Amino acid sequence: MSFNNDYYLLSSVSIASLLKNSAPTSFIHLHIIAVDGWVYPTMKKLNSLKYKINNNSEFIFHNGEQSLKDFGEDSKKEVKGIGEYARLLAPYFANDTDRIIITDSADIFFEKDLLELYNSPLDDKFLKGIEDPYTPFFPTYIFFQKEKYFNGGVLLVDAKKWRDLDLYHDIVTFYKAFEYKNKLPTPIQDILNNFFPSVSVGNLPLRYNFQGYIDGNGINTYEMLYKKDCSKYYNKKKKLIKEEKKLVIRHSNKFKVYYGDKFDNLFKDWTYYAKKTGFYKEICEKASYSMLEIVY
């Protein structure tokens, strides 16, 4: 994960779900890339989560300022922020392992242990992700449409290949050569989808980055996935339901509790993990709206 000091409270909710739902036999090495003004008290607060939730874990913090030098100070002003670019450094920071899982933060809920994802075969690919089901809906992505266009929320990466070939250096050169500055709505996935040939990228099952939600009131927030003919999952409702039953990671990028979306089940889950952090009141105070108390 990578985020700045303004985003750590929301990201702590994702981290809490990871720690809470990991198997007792799993040891978590959580690498967090700090960008744009991190301070020691923030790292101390995040590190406290392991004592509150799961002591079978290790928090490793890295300085991601190199990404600011390479992608420019203006990247801090973008909607997605410099944290998107800093994640491209992850294979170098986690340099004692051949593979890593790179994820988004704040919008991610880890609902099961990640060992099955971590051990998924890479099949000699540079990385694997899920094909983004929403891409064809948005005209801004038309330049980036190609076979196997993947979402950047969850990626299984061959970190050894990345380091051996020094891909970060090539990616920076590629970014500058094509003058992508201020043109990418979702930087990490836009860059990687254009940088890597389709043949070098593999597909993960949808359960590892599921972008939908069935609400307690019967509201189906992924309905557009199987009813819109431009969706990659058009007329595949049964497949979506099957995948949700095996769900490992849910991605709430299309509906955000902290912006005021009030899907009951999602709200309850988010509140549950927010309270696990011990920062619940502080998170609510800094959220975009007044949070409602939920009684369990």
Fill in the blank from the handout: Quick note on Phe178, Phe263, Phe195, Phe279, ordering by fewest other C-beta atoms within 10 Å, gives Phe178, Phe195, Phe263, Phe279
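Taking the Cβ of each residue in Tyr51, Tyr175, Tyr168, Tyr118 as the centre, tally the other Cβ atoms inside 10 Å and list the residues starting with the fewest.
Final ranking by Cβ density, sparse to dense: Tyr51, Tyr118, Tyr168, Tyr175.
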Exercise for the section: Quick one: work out Rg over Rh on the C-alpha atoms of the chain, Rh as Kirkwood radius. Expected result: 0.94
Completion exercise
Of the listed links Lys20/Lys50; Lys45/Lys275; Lys128/Lys148; Lys125/Lys245, those spanning more than 18 angstrom between alpha carbons are Lys125/Lys245
Fill in the blank from the handout: Ranked from fewest to most other Cβ atoms within 10 Å of their own Cβ, Arg163, Arg250, Arg99, Arg87 fall in the order Arg163, Arg99, Arg250, Arg87
Problem - Set Lys44/Lys276; Lys80/Lys181; Lys44/Lys77 screened for pairs whose C-alpha atoms are more than 21 Å apart - result: Lys44/Lys77
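Bear in mind these aren't lab numbers, they're just calculated from the coordinates by the rules spelled out. Keep in mind the model is a prediction, meaning the values are calculated, not measured. Because the Cβ atoms are built from the backbone with ideal geometry, glycine has one as well, and the counts that use them run over all protein chains shown.
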